[in-house]
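K.L.:
Can you read through this structure? Questions will come right after.
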Amino acid sequence: MNSATVRGLLVRGMLAGLAAGVLALIVAYFLGEPSVDKAIGFEDVHAHEHETEVVSRSLQSTAGLATGVLVYGVAFGGIAALACCFALGRVGRFGPRATALLLSGCALVAVYVVPFLKYPANPPSVGDSDTIGRRTALYFLMMLLSVLLALAATVLGRRLAPRLGTWYATVVAVAAFALVIGLAYAFLPVVDEVPAGFPAALLWRFRLSALAVQAVLWGGFGLLFGELAERLLNPRPGATASAEAVPAAR
Amino acid sequence: MAQHVARPTATTPVVPATLPLRAIAPWAVFFGILMLVLLYFVGAEQGATSVFSGTDVHEWVHDARHLLGFPCH
């Protein structure tokens, strides 16, 4: 019975992730692609060796971009839905909609914003190709650390809640998270591979658009998935479509 | 909707029953790993590490990789 609920939420999470991916794709195409093109223009002028084009630019910026963003949306939608299955009823007095939005907000911060502030997104031509291994390792390490610390902070908050009350327990948990993340920022190596002469305004616009893509993806996911989860778990009495879903949900 | 406005005390959210770990675990293990594999192919394949030789996967998701914040090249 419960397994059917988990399956229902997982499917809805992946669909909500796909829909949020479409929204993020629109932002990525209209806000991000102009910066990517300008950065590639800089690269073409300054590069020492010219690579042969495997996939044309027009495909990379449309079908390629869509593949990446949509698969990313579905994958994180599925993971977030599974996390939400666990969080439902376990993180305080929140209904499905609020749980979903709270979880996606935390996921945006833990999965993206925290690693981004240390190792921000880079446009083409920023980053030495010889250090790709090290930069990839550091980025995923930062992401893993951030997610694990966010989970630890949640557990800490839940433990402190009976003693301090929900408000102060949350404040202490967030402060502890920020403190340890600050230490990680201080001790992990700096990556600064912006080539001389690369326009600062272009770098800023690219990074802002990368942030906007994620904000739209996670915000859209939280709202859409919350709505679908609410309808699955608390169907309105009288609605014929949801009346059929009751046996599966309970 | 009108009923909710009339009785604001009745709008406290229904806190959902918790789903037992036993019900979540099989889905989480199988689909969790599947989703991570998908993320790997979007975010890192043919960058720092390669499952398939060549640069086709890398080049195809090139723009997405940059705009999603992954180190690309």
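Please treat every number below as a calculation from the coordinates, not as lab data. Here the structure is a predicted model, which means the values were calculated and not measured. Counting neighbours? That spans all protein chains shown, and the Cβs are built from the backbone with ideal geometry, glycine included.
K.L.:
I need the phi-derived Karplus couplings for the stretch A:213-226: 6.51 cos²θ - 1.76 cosθ + 1.60, θ = phi - 60°, integer Hz, Gly and Pro marked x.
P.N.:
Computed from phi, the couplings for the stretch A:213-226 are 4, 5, 4, 5, 4, 6, x, x, 4, x, 5, 5, 5, x Hz.
K.L.:
Right, something else. Apply the Karplus curve 6.51 cos²θ - 1.76 cosθ + 1.60, θ = phi - 60°, to the phi angles in the stretch A:110-119 and return the couplings in whole Hz, x for Gly and Pro.
P.N.:
Values, residue by residue: 6, 7, 10, 5, 5, x, 4, 5, 8, 10 Hz.
K.L.:
Still on this structure, I have one more. Once the Cα atoms of helix A:96-107 and of chain A are each reduced to a long axis, what angle between those two axes, in degrees from 0 to 90 to the nearest 10, is obtained?
P.N.:
30
K.L.:
For an R0 of 30 angstrom, estimate the FRET efficiency from the Cβ-Cβ distance between A:V147 and B:D56 and round to the nearest 0.05. Walk me through the intermediate numbers first.
P.N.:
On the way: r = 30 Å, r/R0 = 1.00.
Calculated value: 0.50.
K.L.:
How would B:L67, A:L202 line up from fewest to most surrounding beta-carbon atoms within 10 angstrom?
P.N.:
On the way: B:L67 31, A:L202 18.
Ranked by crowding around the Cβ, least crowded first: A:L202, B:L67.
K.L.:
If each of A:Y168 and A:V190 carries a label point 7 Å out from its Cα toward its Cβ, how far apart are those two points in nm?
P.N.:
That separation, rounded to one decimal, is 3.9 nm.
K.L.:
Would you list A:W218, A:W204 from fewest to most Cβ contacts within 10 Å? Show your work: numbers first, answer last.
P.N.:
Working: A:W218 28, A:W204 11.
Arranged by neighbour count, lowest to highest, A:W218, A:W204 become A:W204, A:W218.
K.L.:
Could you tell me which trypsin sites (Lys or Arg not before Pro) in the stretch A:65-119 are loop residues by DSSP with no more than 15 other beta carbons within 10 angstrom of their beta carbon?
P.N.:
Details: sites: A:R90, A:R93, A:R97, A:K118; in loops: A:R90, A:R93.
Hits after loop and neighbour filter: A:R90, A:R93.
K.L.:
Output ³J(HN,Hα) for the stretch A:157-166: one whole-Hz value per residue in order, computed from phi by the Karplus curve 6.51 cos²θ - 1.76 cosθ + 1.60 with θ = phi - 60°, and x for Gly and Pro.
P.N.:
So the Karplus estimates, Gly and Pro as x, are x, 5, 5, 7, 3, x, 7, 9, x, 4 Hz.
K.L.:
Right, here's the next one. Helix A:2-27 versus the longest principal axis of chain A: what angle, 0 to 90°, nearest 10, using Cα atoms?
P.N.:
That helix lies at roughly 30 degrees to the long axis.
K.L.:
A further question follows. Quick check on the exposure proxy: order A:S104, A:S3 from fewest to most C-beta atoms within 10 angstrom. Write out the running numbers ahead of the final one.
P.N.:
Details: A:S104 28, A:S3 15.
So the residues, fewest neighbours to most, are A:S3, A:S104.
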